[in-house]
Structures are given as structure tokens and as C-alpha cells.
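Read through the structure below, which is laid out as C-alpha cells, and then see the notes.
The values are calculated or read from the model by the stated rules, or taken from the named source; none is laboratory data. Given the structure is predicted, the values throughout are model-derived calculations rather than measurements. Here the Cβ positions follow ideal geometry from the backbone for every residue, glycine too, while neighbour counts run over all protein chains shown. Side chains are part of the model used for accessible areas, which takes the heavy atoms of the whole protein and leaves out ligands, DNA and RNA. Shrake-Rupley method; radii C 1.70, N 1.55, O 1.52, S 1.80 Å.
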Amino acid sequence: MEDIFIYAMMVTLMPAFFLIIGGIILMLIPVIRANKKKKICTQPVAVKCIRIEYSPDGDESLKNPIWEGTVNGRTVEYGRKDVYLAGVTAEEGEERTFYVNPNNLGEYYDPVDKSSRNILFFIGGFLVFMGVAIIAFSFDPES
């Protein structure tokens, strides 16, 4: 009888552990990606926001800033292709310093922009919270 109880608890709690592990992974992905980009994007480049593109559906909270800078005598535009994010703090005319991969001028790191990091942190934190809640509510204190 005790084996059945242990098996039932494992089956009940398994989704909770997957939620917690998945949430932690989602929260680590942006940190790992940022550290990787910091290592390979080492050439500082002064850039200026030349325009803000908004989502085609008309939602002005979803933005895609387009930046322009001169790298090795070439003018290069930086921005996400058809990706619009909420929480972008860039304004047209704003100047920043990006770090560019010297071997691939299209690859860059913006130390100020944390919009995609925030989204994955929020989703990952929510998954961890749900996993912990499932575990907490699955134990009956009166048994």
C-alpha cells in the first residue's frame, strides 16, 4: 500500500518538477546568451536610433528600434528583423554604445536593452511559482 502512495505522489509531483526545471532554464537562457555575446562582441560602436518601427497590428507598445552606426568605415543598421517587443526604452535620436562582433558586423550586443530578458524572466518565474504551488498544495497537512 505504501508503494502505491509513493508512486501516486511521484506521478502527481512530476509535472511540478518539470515546471520548476523549465522555469529555471528559461530564466538562465538570457543570462547565458548575454555572457556569450559579451565575449564575442568586443568592438565598441557608437550608434544612433534612426527610427522606431511599430507592430503592424497597430499596437504602439510593441516596438522595434532601428539603430545606425559606422563600423570600419561602413554604415550598418542594427535591429531585430520583424520582432516587436514591449518594454523597449529606446527613443528616436537616442545614442548608445553597442558592442559588435569584429568577425560578423551584423552581430551585436546592446548592454542597455533588457526587453527580451525580462520576458523570459517573467515566464520562467511564473513556471517556477506554479511548480512550487503544486508541490505546496499537494501535501495534506492532516495526514
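Can you tell which of 24, 50, 32 is without any contact (Cβ under 8 Å) to a residue 40 or more places away in the chain and either aliphatic (A, V, I, L, M) or touching an Asp or Glu at 6+ places or on another chain (Cβ under 7 Å) (or both)?
32
Restricting attention to segment 49-76, and to residues there that are closer than 24 Å to residue 39 by Cβ and open to solvent by 60 Å² or more (accessible area, probe 1.4 Å), which single residue is modelled with the lowest pLDDT?
Among residues in segment 49-76 that are closer than 24 Å to residue 39 by Cβ and open to solvent by 60 Å² or more (accessible area, probe 1.4 Å), the one modelled with the lowest pLDDT is 72.
Being within 19 Å of the chain's Cα centre (by Cα) and open to solvent by less than 60 Å² (accessible area, probe 1.4 Å) is the filter; apply it to segment 1-36 and report the residue that is nearest to residue 100 (Cα to Cα).
Residue satisfying both the conditions and the ranking: 34.
Could you check residue 139 against (1) open to solvent by 50 Å² or more (accessible area, probe 1.4 Å); (2) aromatic (Phe, Trp, Tyr); (3) at pLDDT 85 or above and say which number it fails?
All conditions are met except number (3).
Taking segment 103-122 as the region of interest, how many residues are out of contact with any strand residue (DSSP E or B) (no Cβ under 8 Å at 6 or more places or on another chain), at pLDDT 80 or above and either surrounded by 14 or more Cβ atoms within 10 Å (Cβ to Cβ) or outside any helix (DSSP H, G or I) (or both)?
4
Quick one: which of 81, 39 is at pLDDT 90 or above, more than 30 Å from residue 19 (Cβ to Cβ) and exposed (fewer than 14 other Cβ atoms within 10 Å of the Cβ)?
39
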